[in-house]
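In what follows, a single structure is set out as structure tokens and then discussed.
The values are calculated or read from the model by the stated rules, or taken from the named source; none is laboratory data. Quick caveat, the model's predicted, so the values are computed rather than measured. All Cβ positions, even for glycine, are placed from backbone atoms using ideal geometry, and neighbour counts span all protein chains on display. Accessible surface is based on the protein model in full, side chains and every heavy atom, while ligands, DNA and RNA are left aside. Shrake-Rupley method; radii C 1.70, N 1.55, O 1.52, S 1.80 Å.
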Amino acid sequence: MRADLHTHSLYSFDGAPSATVAAMCEAAIAAGLTHLAITDHCDIDGELDGIYHPLDRDAAFAAITEAKKIYADRLTLLAGLELGQAHHRPEAARAVLERHPYDIVLGSLHNLEGERDFYFFDFKGMTSDAIAAYFDRVLAEYDAMLDFPGIQVLTHITYVHRYVRRAGKELDFIPFIPRIRALFEKMINKGIALELNTSTMRPDGEGEPMPTKELLALYRRCGGRLVSLGSDGHAPDAVARHFDHAARILTECGFTELAVPTAQGLLTLPI
Ligand SMILES: [Zn+2]
Ligand SMILES: [Zn+2]
């Protein structure tokens, strides 16, 4: 029994054309999943500022609702949303959540306030100190985002690290351990789950999950129990990718269950 709680359909601006809701469900069933959440992008500031084409939330929600009935005997399908930067525009974000009764809402940070996605950021020309200062701001924004109500899962907490690495640089988490620990404690108090995002893992064992194994172990030591798996797949063939490897990492960190935290309540599955 496994759940992929972070996937994108063709309704996301960067979803593959093949990622119909039906194709994502079929892929989940083929991968042996019992639960699938389709969590299309809603980067609230990016949409309002005209950077991203807004998600057609009505159409996406209707398609998922229809598929829930079709696949009811084979798969528990969750209508989700990857809500980016809710704390930048809390009123607009609240209105989004009030319009549709989502089963699960992921909280993401893809950019700092007033800036573009980390993807576009030039880390190559930055010193180690400048990168550390930038990560400091990232952590402060995560802290603010956790105060926005309605988020069940915090996604890819080390997302910025992916692009720092891509630029050939490193980000040392050690000096930030007290700050990260405080974030984890805040999540634990609020019942917000930590996502293990497998999109940065590689078949040959190269590539680390987000967050790294060390940070997953830290979360566990802080008393964290709610950990969810997300492939962040944007195409059917990416559903549940690297989940066996991710399960081994979680087991080695001392976790025994996967969390499926939904607006209706918390479900746990054996890893
Ligand atoms: Zn994301
Ligand atoms: Zn995503």
Using θ = phi - 60° and the Karplus form 6.51 cos²θ - 1.76 cosθ + 1.60, what ³J(HN,Hα) does each residue of the stretch 60-77 get, whole Hz, x for Gly and Pro? 5, 5, 5, 5, 5, 4, 5, 5, 4, 5, 5, 9, 3, 8, 10, 7, 8, 9
At q = 0.10, 0.19 Å⁻¹, base-10 log of I(q)/I(0) for the stretch 81-270 (Debye sum, equal scatterers on each alpha carbon): -0.39, -1.53
Would you kindly derive the ³J(HN,Hα) couplings of the stretch 11-20 from the backbone phi angles with the Karplus curve 6.51 cos²θ - 1.76 cosθ + 1.60 (θ = phi - 60°), listing them in order in whole Hz, with x for Gly and Pro? 6, 6, 4, 10, x, 5, x, 6, 7, 5
Of the GluC sites (Glu not before Pro) in the stretch 175-271, which ones lie in a loop per DSSP and count no more than 13 other C-beta atoms within 10 Å? Glu206
If you roll a 1.4 angstrom probe over the protein chains with everything in place, what fraction of the accessible area of the chain belongs to carbon and sulfur, to the nearest %? 52
Among Gly50, Gly224, Gly233, which one moves the most in a GNM of the chain with springs linking Cα atoms closer than 10 Å? Gly50
Computed, not fitted: 222 nm per-residue ellipticity of the chain from DSSP H runs ≥ 4 (each -39500 (n - 2.57)), nearest 500, equal to -11000 deg cm²/dmol
Using the Karplus curve 6.51 cos²θ - 1.76 cosθ + 1.60 with θ = phi - 60°, work out ³J(HN,Hα) for each residue of the stretch 163-177 in order, rounded to whole Hz, and write x for Gly and Pro. 7, 5, 5, 4, 8, x, 10, 10, 10, 8, 7, 3, x, 9, 3
Given a 1.4 Å probe, the accessible area of the chain per residue, as a whole number of Å², is 42
Of all DSSP beta bridges with both partners in the stretch 81-270, the antiparallel percent, nearest 5, is 35
Computed E for Glu115/Ile70 - FRET, C-beta separation, R0 35 angstrom, nearest 0.05: 0.30
Which entries of Lys169/Lys213; Lys190/Lys213; Lys124/Lys213; Lys68/Lys186 have Cα-Cα distances beyond 31 Å here? Lys68/Lys186
